[in-house]
């Protein structure tokens, strides 16, 4: 009889410990949209600012049939320097490559090419785990819109 009572008491103690929920409040930080590119209504790239960090979210161009979104973060103080790097093609030749370290093992590789007499580049993002994503080619006009430049 003692064993049955002990087993029943143990069963109620274990089942009641799993049934307790603890609810906490979560306040989302203010996120400011700097710019986004949405051709044909589908988000391709967007840039947001959250505090002192900027978040660059992109649709991975390596996938044709599925929508796989990836992102990387950088300091908000580097926003103008990154824009300048993305839009300044002085001294760059076809086939050149540049590597940008984002910290925490993440990096961007810019691979330059020339099409119809104009320079452009492809951004390859490699995260800390070594997974690579590709940002769709963007025109200088799209970069202006993305980085919130009105000039």
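The values are calculated or read from the model by the stated rules, or taken from the named source; none is laboratory data. Keep in mind the model is a prediction, meaning the values are calculated, not measured. Glycine gets a Cβ as well: all are built from the backbone with ideal geometry, and neighbour counts include every protein chain shown.
Below is a table of values for the structure above.
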{"quantity": "Segment 74-106: number of residues that are out of contact with any helix residue (DSSP H, G or I) (no Cβ under 8 Å at 6 or more places or on another chain), in a strand (DSSP E or B) and either buried (at least 16 other Cβ atoms within 10 Å of the Cβ) or at positive phi (or both)", "calculated": "3"}
{"quantity": "Top-ranked residue in segment 1-35 [being modelled with pLDDT of 75 or more and within 30 Å of residue 78 (Cα to Cα); ranked as surrounded by the most Cβ atoms within 10 Å (Cβ to Cβ)]", "calculated": "34"}
{"quantity": "Any hit, segment 46-54, residues being touching a residue at least 40 places away in the same chain (Cβ under 8 Å), more than 24 Å from residue 101 (Cβ to Cβ) and part of a strand (DSSP E or B)", "calculated": "no"}
{"quantity": "Boolean, residue 138 is in contact (Cβ under 8 Å) with a residue 24 or more places away in the chain, surrounded by 16 or more Cβ atoms within 10 Å (Cβ to Cβ), assigned to a loop (DSSP other than H, G, I, E, B) and within 20 Å of the chain's Cα centre (by Cα)", "calculated": "yes"}
{"quantity": "Looking only at segment 107-133, and only at residues there that are under 15 Å from residue 62 (Cβ atoms) and part of a loop (DSSP other than H, G, I, E, B), the one that is nearest to the chain's Cα centre (by Cα)", "calculated": "127"}
